[in-house]
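Notes to accompany the following structure.
The values are calculated or read from the model by the stated rules, or taken from the named source; none is laboratory data. Predicted, not measured: the structure shown is a model, and the values here were computed from it. Cβ: placed from backbone, ideal geometry, glycine included. Neighbour counts: every protein chain shown. Quick note on the areas: whole protein, heavy atoms, side chains included, nothing else; ligands and nucleic acids left out. Shrake-Rupley method; radii C 1.70, N 1.55, O 1.52, S 1.80 Å.
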Amino acid sequence: MKKHIYRPIEALLERVIDETPNIKTFVIKPLEPFSFKTGQFVELVVPGVGEAPFTPSSSPLKTDKIEITIMKAGFVTDRLHAMKGGEKLGIRGPYGTSYPVESFHGKEVLILGGGVGLAPLRSLLYTLLSDVSKFTKIILAYGSKTPGDVVYKYLFPEWNKTRGLEILKSVDVCPVDMDWEGEVGLVTCLLDKAKFDPQKTAAVVCGPPVMMKFSTMKLISLGFDPKDIYLSMEANMSCGLGKCGHCQIGEYFICKDGPVFTYDKLKHIGDPFV
Amino acid sequence: MLDPPNFVYSPRSLAIIFDFFYPPVEPRRLFVPSSLRTARIRMQYFINRQNLSRFLLKVLSARSLFALKEKSADYEWAKFSTDTVEHVVTGRYRAAIPPKMFFFPPSEVLDSPEPFPSAVLGVKSCDIRLLHTSDGIFLGGSAEDDFYKRKRADTLLISADCTDCKDTCFCVKMGLNPWPEKNFDINLSPIAEGFVVECGSNIGEDLVRQSPNLFQKAIDQQTREKEKNRRAVAEKVAAQNSRFDWREPSEIVAASENSTLWKDGSISKTCVECDGCRWVCGSCYCFLLGETQGFWDKTRTWDSCQSAGYARVAGGSNPRREKYQRLRNYYMCKLVYRPKNFGLLACSGCGRCIEVCPGKIDIRESLQKLSGAIPRK
Ligand SMILES: Cc1cc2nc3c(=O)[nH]c(=O)nc-3n(C[C@H](O)[C@H](O)[C@H](O)COP(=O)(O)OP(=O)(O)OC[C@H]3O[C@@H](n4cnc5c(N)ncnc54)[C@H](O)[C@@H]3O)c2cc1C
Ligand code: SF4
Ligand code: SF4
Ligand code: FES
């Protein structure tokens, strides 16, 4: 089989973990060596059906398998959600920029995630936790729609015990029949609870465009330097290689120049989040 | 035509399938593009009509030949054979469809890039600029696109001067002349008795040298005639655009990003979102990858940034929700972002988008309106 830039490598779907009614985590074993840096994305291929971009949620230090947490959103993701394990998949990539973890050394890291946006941040979190003494403090602030929409529920007890990691959670609404020990409000409300020094903190944000917009505005108003706000941009993608044009905003190709950008690089673009 | 039964398209790609002007050329798999070949000091030759046909027969012994065929006031690309080679024309002006589609066809299966030697004759100055812009995309980025590269590099580009222009032509306003100056293998300049020939690459030069009986060194009178013809066409193009006084399209568009003209003014008002301008433009490169049912082979189909769902993401957000934002993006892409990223205006003034637009949107008029919206220096 001849290789070319759009040709995926084969992979086996080993296991599917239910997270929420419309989010599942897919444990995938690539049949050829495959590694990525935290923040980079892959194109996951359902052969004969289609492909879509996703950011692995597993640790980049684990190279035999990758985990990807996927929300059911349409054509390809519906097919993926119907899978049980054992199916053949394809993977292209990794593509794009990654989180500059080394530049966070000696700093506080504020991770701000919304919804399935926690997926790429979990990969970052694993990377930070593997070298936790290098950071002054790690704060994970996570917002979801309702308590039922929280992903990785089974991991929080362990994360709660981790030294140097502070966890804050919020839900937009809490239905009366559900228990919730976190905050109720948009994820930005967590920024009022968390204690950090904006001058010494790198903020990493990932979530739906509207969440990133209001989070960025809030971070700026709290005194963050636009160079210290890292955004993982959402875009409609097809090739992942800076060719097909889909992911363009302004002069950037998000797949190649991003998806990780500092807000400083994006601020001249009218409204990069809409 | 474009919908072989073994393809599976996502709903979105189904929406963009079109049978617009497809396929005037057969799908083919076509090595270093002529723009990457080194140029030599130019020697000018002369060839008469009959000898040109003989030369093309030689070309045909090693390559497929695609050239222009007259069709009412337009030219279309056609495949020529040893039997029809005498009917090859160089074209008074550019073809209705840009030569991009030889290298980046409207739909193709991406299996394995294979060599396919061919020659394209009748490429115009504006077309060469357009090819150069698509080279930026397909040969640049995070990796080279093997499919485009192979086809492009294995194709001999035989360009030709324009001897007339269409009323939509405005190459001179985009910093070009209506005759090719570089990035071709061989260029033909029609004169009364035949053609003045210039070689723009080693490959072109070698081919001409291999046929010493067909080409003579051009004499002064012939090169003077060529220069005179060239000037006449350039003047005609300039004259028909004399009502436009804008310069520096990049600056105009960049400075008027927030102008109300895009939305409230008449720029986007008559756009019916037919995508016609995108399909005919030789610098547009957007595509969507689809799957074939044969494992791991992909299909690539042209896409258009003018369609509403083009940039919409899974949550429903859309960076260019409104029609005027999409139309503005098309001007920004060609005139601001691509010069920023690739150092080259991605509009050559070929006028194809003007010709095809049912809303009568004329990029020259739009630039005229916008140039009034920004303070003059
Ligand atoms: C860098 C990056 C990382 C991502 N990581 C994750 C992740 O970890 N987990 C996750 O659940 N989702 C992630 N997404 C979003 C995910 O790519 C989309 O949900 C998915 O592409 C939808 O595909 P579909 O075929 O199921 O939907 P479709 O049926 O094609 O369409 C449903 C909707 O999604 C839009 N859409 C289609 N294709 C894309 C595309 N390629 N990118 C974005 N929107 C698209 C359509 O316009 C439509 O509005 C990521 C997106 C990007 C750009
Ligand atoms: S934008 Fe219009 S005039 Fe410019 S190159 Fe494209 S089709 Fe030709
Ligand atoms: S735009 Fe210029 S180069 Fe192109 S066909 Fe018209 S006159 Fe010729
Ligand atoms: S996804 Fe194709 S250019 Fe970015």
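When accessible surface is computed with a 1.4 Å probe, chains A and B are found to bury approximately 3600 Å² between them, both chains counted. For the protein assembly as shown, the per residue solvent-accessible surface stands at 40 Å², with DNA, RNA and ligands left out and a 1.4 Å probe. Shown for the stretch B:159-318: the carbon plus sulfur share of the solvent-accessible area, taken with all protein chains present and a 1.4 angstrom probe, equals 48%. Tally up the carbon and sulfur contribution to the accessible surface of the stretch A:70-215 as a whole percent, 1.4 Å probe, everything protein left in place. Ligands and nucleic acids excluded, carbon and sulfur reach 55 percent. For the protein assembly as shown, take the alpha-carbon Rg, divide it by the Kirkwood Rh, and send me Rg/Rh. My calculation puts Rg/Rh at 1.03.
Within the accessible area of the stretch A:226-270, what % is carbon and sulfur when the probe is 1.4 Å and the other protein chains stay in place? Of the solvent-accessible surface of the stretch A:226-270, carbon and sulfur hold 44 percent.
Taking label positions 7 Å along the Cα-Cβ direction at both B:Lys58 and B:Glu251, the computed distance is 4.8 nm, reported to one decimal. Positive-end ranking of A:Val173, A:Gly207, A:Phe224 along the dipole of the stretch A:137-228, with charges on Cβ about the Cα centre, is headed by A:Phe224.
Annotation for the stretch A:144-198: trypsin sites (Lys or Arg not before Pro) lying in DSSP loop with at most 11 further Cβ atoms inside 10 Å of their Cβ are A:Lys161, A:Arg163, A:Lys195.
For the stretch A:1-45, the list of trypsin sites (Lys or Arg not before Pro) that fall in a loop by DSSP and count at most 12 other C-beta atoms within 10 angstrom reads A:Lys2, A:Lys3.
Relative to the current alpha-carbon distance between A:Phe75 and A:Glu158, full extension at 0.36 nm per residue lengthens the span by 26.4 nm.
In a fully extended conformation the segment linking A:Leu31 and A:Asp271 would gain 82.3 nm over its present Cα-Cα distance, using 0.36 nm per residue. The GNM of chain A, with springs linking C-alpha atoms under 10 angstrom apart, assigns the highest mean-square fluctuation among A:Leu222, A:Leu121, A:Leu110 to A:Leu222. Rounded to the nearest 10 degrees, the inclination of helix A:209-221 to the longest alpha-carbon principal axis of chain A is 30 degrees. Measuring r between the beta carbons of B:Ser266 and B:Lys228 and using R0 = 56 Å, the FRET efficiency lands at 0.90.
Using DSSP, restrict attention to beta bridges with both residues in the protein assembly as shown and report what percent are antiparallel, rounded to the nearest 5. Around 65 percent antiparallel, to the nearest 5. Averaged over the residues of A:86-96, the number of partner chain Cβ atoms lying within 10 Å of the residue Cβ comes to 1.
A:Tyr263: accessible area at probe 1.4 Å, nearest 10 Å²? Accessible area of A:Tyr263: about 50 Å².
Here the ratio of the Cα radius of gyration of chain B to 2.2 N^0.38 Å is 1.01.
Given a Förster radius of 41 Å and the C-beta distance between B:Lys340 and B:Arg243 as r, what FRET efficiency does 1/(1 + (r/R0)^6) yield to the nearest 0.05? The value I calculate is 0.90.
How high is the FRET efficiency from B:Val89 to B:Met43, r the C-beta distance, R0 30 Å, rounded to 0.05? Computed FRET efficiency for B:Val89 and B:Met43: 0.75. Within the stretch B:221-271, none of the chymotrypsin sites (Phe, Trp or Tyr not before Pro) combine a DSSP coil assignment with at most 13 other C-beta atoms in a 10 angstrom radius.
Principal-axis analysis of the Cα atoms of chain A puts helix A:118-129 at an angle of about 70° to the longest axis. How many angstrom lie between the Cα centre of the stretch B:204-263 and the Cα centre of the stretch B:316-335? The two parts, judged by their Cα centres, are 30 Å apart. Put B:Glu181, A:Glu251 in order of accessible area, highest first, and with a 1.4 Å probe you get B:Glu181, A:Glu251.
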